[in-house]
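Novice: Below you will find the structure I want to go over with you.
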Amino acid sequence: MKSYKLAYWGSGPISNFHLPAFLDAGFAPKIAFSRSGSNRLKAFGDRWSIPVSPNLSSFLQECDSVDAIVIALETSVTPFAISQVISTGLPIFIEKPGGLRSTDLLQFANHKNQNKLFFAYNRRYYASASKMRNFLRSNPSSFIQANFPDSIKTFDQFRINGCHMIDFLQYISGPLVIKGAWGGIEETGNGFMVQLESDDGHIISLLTNWGSPENVSIKISGGGRTILSKGFENISEFDKIEIFEPNSEYPLRRYIPHVALELAEPLTLYKPGFQAQVFSFREFLEAGDYASTDCDLSQAISVLKLIEMIEKELI
């Protein structure tokens with residue numbers, strides 16, 4: 001497998017999950033940078049045996065001699081980082097969502113290298129995503145219930161973390177429009193509920209239920225079947241109800257959904273979706289084009305725009 005030289009901009013906790021996947025996919029990190037004089041950057045470089053750049057100017061010079069760039073920084077500074085390296089024309093792997101506002105990314109929409117930006121929404125690469133997407137294509141006008149609880153009760157947290165759910169829903173069902181919104185974005189509240197609709201007539205209710213003691217979940221009902229996913233990683237498909245009559249051991253009639261299919265993300269050394277995502281980035285580098293699972297600039301912008309429209313409905 002051919003090796004590709006990599007410049008890595010970032011040294012936070014997520015980088016220790018991204019980098020093993022890049023190494024496995026044949027990338028060779030040549031230089032790393034995050035902030036001048038950063039102890040965390042030094043520790044990151046020592047851990048992975050990567051030279052670290054003393055300053056931004058030096059790092060940008062090193063970018064002239066690599067094949068690809070990774071940006072894995074705090075969301076608030078990611079747009080600046082993109083602006084510094086997009087002119088290289090190299091493929092750029094960007095940790096989601098890429099910015100806090102759609103305007104953060106819209107500034108690159110007319111850049112000649114905007115088609116070199118690859119946004120890392122790893123849940124697109126789950127088996128559950130493929131299954132749900134195919135199910136919805138076969139069953140128009142399905143109903144989708146999505147729960148996205150979060151212990152941090154701020155709308156900025158929803159931008160940074162909830163973007164995963166917004167992107168996932170748009171990926172499996174297509175572009176979405178808002179049909180209604182209830183609740184609020186105050187930190188003292190319980191979150192909000194939004195009703196969305198896709199071009200294929202899928203109706204989605206998204207509940208954030210901040211602070212609720214439960215996991216992320218998605219339930220899809222259509223065509224006489226139901227799909228249930230808890231935490232994105234696991235999925236069950238039900239095709240009928242089995243009825244069990246009362247007996248001496250259990251004196252109540254029971255209605256138990258019959259499991260037709262179960263899928264789970266494999267337990268590996270990598271965070272779910274990370275390995276497949278990086279291999280897809282490698283193919284993007286080699287082919288110069290996006291796969292259907294990849295997130296380009298326009299899709300990354302659409303996620304942030306929809307989040308902004310939700311915010312506007314709730315204010």
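Bear in mind these aren't lab numbers, they're just calculated from the coordinates by the rules spelled out. Not measured: the values here are computed from a predicted model. Ideal geometry is used to build each Cβ from the backbone, glycine not excepted, and the neighbour counts take in all protein chains shown.
Novice: For a quick check: sort HIS202, HIS111, HIS164 by the number of other beta carbons within 10 angstrom, fewest at the front. Numbers along the way, then the final one.
Specialist: Values: HIS202 22, HIS111 15, HIS164 19.
Fewest-to-most ranking of HIS202, HIS111, HIS164: HIS111, HIS164, HIS202.
Novice: Now a separate question. Mind sorting GLU245, GLU62 by how few other Cβ atoms lie within 10 Å of their own Cβ, fewest first?
Specialist: On the way: GLU245 8, GLU62 17.
In increasing order of surrounding Cβ atoms, one gets GLU245, GLU62.
Novice: Which entries of LYS5/LYS305; LYS131/LYS271; LYS153/LYS305; LYS42/LYS96 show an alpha-carbon separation above 31 angstrom in the structure shown?
Specialist: Beyond 31 Å: LYS5/LYS305.
Novice: What's the exposure ranking of ILE178, ILE50, ILE94, ILE241, going from fewest to most Cβ atoms within 10 Å? Could the numbers behind the result be given before it?
Specialist: Values: ILE178 15, ILE50 21, ILE94 26, ILE241 10.
The order, fewest Cβ neighbours first, is ILE241, ILE178, ILE50, ILE94.
Novice: Within segment 263-281, find all residues whose amide N lies under 18 Å from a label point positioned 7 Å from the Cα of PHE17 along Cα-to-beta-carbon.
Specialist: Only 264-281 pass the distance filter.
Novice: Let me ask you something else. Which aspartates and glutamates, if any, have their Cα less than 17 Å from the Cα of LYS116, not counting same-chain residues under 8 positions apart?
Specialist: Hits, sequence-local ones excluded: ASP64, ASP67, GLU95, ASP104, GLU283, GLU286, ASP289, ASP294, ASP296.
Novice: So, one more: Taking 0.36 nm per intervening residue step and subtracting the Cα-Cα distance, what contour gain separates ILE315 from GLU186 on full extension? Could you put the intermediate results ahead of the total?
Specialist: Working: separation 129, 0.36 × 129 = 46.44 nm, distance 0.93 nm.
Length difference between fully extended and current span is 45.5 nm.
Novice: To continue, here is another question. Can you tell me which aspartates and glutamates have their Cα less than 19 Å from the Cα of LYS179? Leave out same-chain residues fewer than eight positions away.
Specialist: ASP167, GLU197, ASP199, ASP200, GLU308, GLU311, GLU313
Novice: Here's a follow-up. Please work out whether segment 208-260 counts as rounded, prolate or oblate from its C-alpha gyration tensor, where a ≥ b ≥ c are the square roots of the eigenvalues and a/c under 1.5 means rounded, while otherwise a/b larger than b/c means prolate and anything else oblate?
Specialist: Oblate is the answer for segment 208-260, as a/c is 1.5 or above yet b/c matches or exceeds a/b.
Novice: Short version: ³J(HN,Hα) in whole Hz for each residue of segment 303-314, in order, from phi by Karplus 6.51 cos²θ - 1.76 cosθ + 1.60 (θ = phi - 60°), x for Gly and Pro, what are they?
Specialist: Result, ordered by residue: 4, 5, 5, 5, 4, 5, 5, 4, 4, 4, 5, 8 Hz.
Novice: Right, something else. Whole angstrom only: what separates the Cα centroid of segment 107-124 from the Cα centroid of segment 34-57?
Specialist: 25 Å
Novice: Using DSSP, restrict attention to beta bridges with both residues in the chain and report what percent are antiparallel, rounded to the nearest 5.
Specialist: The answer is about 65 percent antiparallel.
Novice: Which of [x] 139; [y] 166; [z] 201 is the computed volume of the Cα convex hull per residue in Å³ for the structure on display?
Specialist: From the options [x] 139; [y] 166; [z] 201, the structure gives [y].
Novice: Based on Cβ point charges of +1 for Lys and Arg and -1 for Asp and Glu, what charge dipole magnitude is obtained for the chain about its Cα centre, in debye rounded to the nearest 20?
Specialist: Values: 29 positive and 33 negative charges, 75 e Å.
The dipole magnitude comes to about 360 debye.
Novice: Nearest 0.05, what FRET efficiency do GLN195 and ALA260 give at R0 = 25 Å with Cβ-Cβ as r?
Specialist: So the FRET efficiency works out to roughly 0.30.
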